[in-house]
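None of the figures in this text is laboratory data; all of them are computed from the coordinates on show. Keep in mind that what you see is a predicted model, and the values were worked out from it rather than measured. Here Cβ is always computed from backbone atoms with ideal geometry, including for glycine, and neighbour counts include all displayed protein chains.
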Amino acid sequence: TLPKKITIIEVGPRDGLQNEKQFVPTEIKKQFIQELRNAGIMEMELTSFVSPKWVPQMGDAAEIVLDCLDDQTRNIVLAPNRKGIDRIYSTSCKAVAVFVGVSDSFNKKNINKSTSESMAELKPIIQELKEKGYFVRACISTAFYCPYEGKINENDTIQLCRNFVETGVDELSVADTIGMAAPNEAYSLFVKLKEAFPKTLLTAHFHDTRKLGLANIFACLQAGIDRFDTSAGGLGGCPFAPGASGNTATEDVVYMLERMGIVTGIDLSKLLVAIELVRPYVSRKIESSYYRLHAQN
Ligand code: HMG
Ligand code: MG
């Protein structure tokens with residue numbers, strides 16, 4: 001039986017915008033976050049505390065967090081290293097996401113370290129965050145395929161997840177970074193993860209490069225997964241993963257799930273308001289089916 005209710009983790013303000021070359025005004029980002037909350041989003045990645053030299057779009061992370069925290073939503077911010085964590089400590093944010101690729105080549109391009117070097121740096125950081133009472137999420141990139149190394153061995157992904165679980169993370173967000181996973185691969189991996197880590201929140205993060213996001217999400221539902229990272233308008237992509245297009249669009253996922261009788265808590269017409277707000281500031285065309293059929297212009 002499929003889950004009756006699922007949680008959407010909206011990644012639009014972070015994954016959705018980080019790949020945009022043109023700087024989106026901080027004020028627009030704040031309004032975008034507010035409109036997403038109005039639409040019913042309860043968990044959201046707000047921004048990332050990464051090097052502004054590497055990702056200029058996220059250079060306003062501190063300002064975003066200063067104005068956009070609230071008590072009702074789980075507000076997650078990303079950090080790749082100690083410097084990012086220290087920047088987070090100077091804010092009131094209480095939920096942190098760290099990120100590592102299964103693939104060494106990808107991890108080097110993304111955070112200039114091998115996977116094991118990253119893990120060695122993050123381990124004490126995660127333990128410290130947990131002692132301080134933070135919610136900790138680990139984003140596992142290139143869990144299926146890598147733009148540099150090709151197919152990733154399922155056991156390597158499971159082993160990296162295990163390292164994070166043993167370190168004490170609350171959540172694993174397992175990502176198909178370049179949108180190459182097929183539904184049978186998604187099903188196979190998530191069944192194993194669910195069996196291996198029954199006490200950890202398990203979230204699936206699909207990029208929709210080959211339009212397999214919805215099919216992969218359906219496969220994950222069958223594996224018992226009830227948490228999905230999605231991005232309003234289908235925006236997104238990692239600047240260091242060539243071929244990564246946007247995340248599966250929140251509105252298409254919500255539409256499919258609601259049609260299946262699965263509760264999401266998200267209001268589609270209000271979601272369109274959020275998308276309309278950022279649309280003039282992004283280079284990517286909004287290509288989701290729901291937007292195409294229902295937007296007013
Ligand atoms: P580096 O150049 O090796 O770092 O980059 P460094 O320690 O040598 O520092 C270089 C400069 O950056 C220094 O400044 C540092 O202070 C500064 P300078 O002395 O030259 O003026 N710096 C920082 N500034 C602010 N915040 C920080 C920070 N760290 C260093 N946290 C580094 C290493 C990790 C910093 C860099 O590679 C980086 O920022 N990478 C982030 C890349 C990124 O944001 N990728 C996208 C997010 S992951 C993703 O999208 C995948 C996901 O969606 C799942 C999926 O789909 O797969 C999650
Ligand atoms: Mg991503």
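Computed 3J(HN,Hα) for region 168-177, one whole-Hz value per residue from the Karplus formula 6.51 cos²θ - 1.76 cosθ + 1.60 where θ = phi - 60°, is x, 5, 7, 9, 10, 10, 9, 10, 9, 4, glycine and proline marked x. All other residues whose Cβ lies under 15 angstrom from that of Cys146 are scored, Lys and Arg at +1 and Asp and Glu at -1, for a net of -3. Take the Cα of Asp156, step 7 Å toward its Cβ, do the same at Asp71, and the gap between the two points is 4.7 nm.
In percent, rounded to a whole number, the relative contact order of the chain is 23, using alpha-carbon pairs under 8 Å and six or more apart. Using θ = phi - 60° in the Karplus curve 6.51 cos²θ - 1.76 cosθ + 1.60, the 3J(HN,Hα) couplings for region 179-187 round to x, 10, 5, 9, x, 5, 6, 4, 4 Hz; x is entered for Gly and Pro. The HN-Hα couplings worked out from phi for region 23-37 by the Karplus form 6.51 cos²θ - 1.76 cosθ + 1.60 (θ = phi - 60°) are 5, 7, x, 4, 4, 5, 4, 5, 5, 4, 4, 5, 5, 5, 5 Hz, whole numbers, x standing for Gly and Pro.
In plain terms, the chain from Val273 to Tyr148 could stretch by 41.2 nm, reckoned as 0.36 nm per residue minus the Cα-Cα distance.
Once you reduce region 152-173 and region 218-272 to the center of their Cα atoms, the two points are 22 Å from each other.
Normalised size of the chain, defined as Cα radius of gyration per 2.2 N^0.38 Å with N residues, equals 0.91.
Taking other Cβ atoms within 10 Å as a rough exposure proxy, Met180, Met119 sort from fewest to most as Met119, Met180.
When all alpha carbon pairs of region 148-297 are counted in 5 Å bins from zero, the resulting P(r) reads 2, 9, 18, 20, 20, 15, 9, 5, 1, 0 %. Considering only Ala39, Ala120, Ala219, the Gaussian network model of the chain with Cα springs below 10 Å gives its largest mean-square fluctuation to Ala120. Taken about its Cα centre, region 243-292 carries a charge dipole of about 160 debye when Lys and Arg each add +1 at the Cβ and Asp and Glu each add -1 at the Cβ.
Extension gain Glu258-Lys199, at 0.36 nm per residue separation less the Cα-Cα distance, in nm? Between Glu258 and Lys199, full extension yields an extra 18.6 nm.
In the structure shown, the pairs Lys83/Lys130; Lys151/Lys199; Lys83/Lys123; Lys21/Lys285; Lys94/Lys130 are assessed against 19 Å; a Cα-Cα span above that value is assigned to Lys151/Lys199. Estimated at 0.36 nm per residue, the fully extended path between Thr1 and Asn184 surpasses their Cα-Cα distance by 64.1 nm. Restricting attention to the chain, close to 10% of DSSP beta bridges with both partner residues there are antiparallel. Have a look at the DSSP beta bridges in region 146-297 and tell me what percent are antiparallel, nearest 5. Here the antiparallel bridges make up roughly 20 percent for region 146-297.
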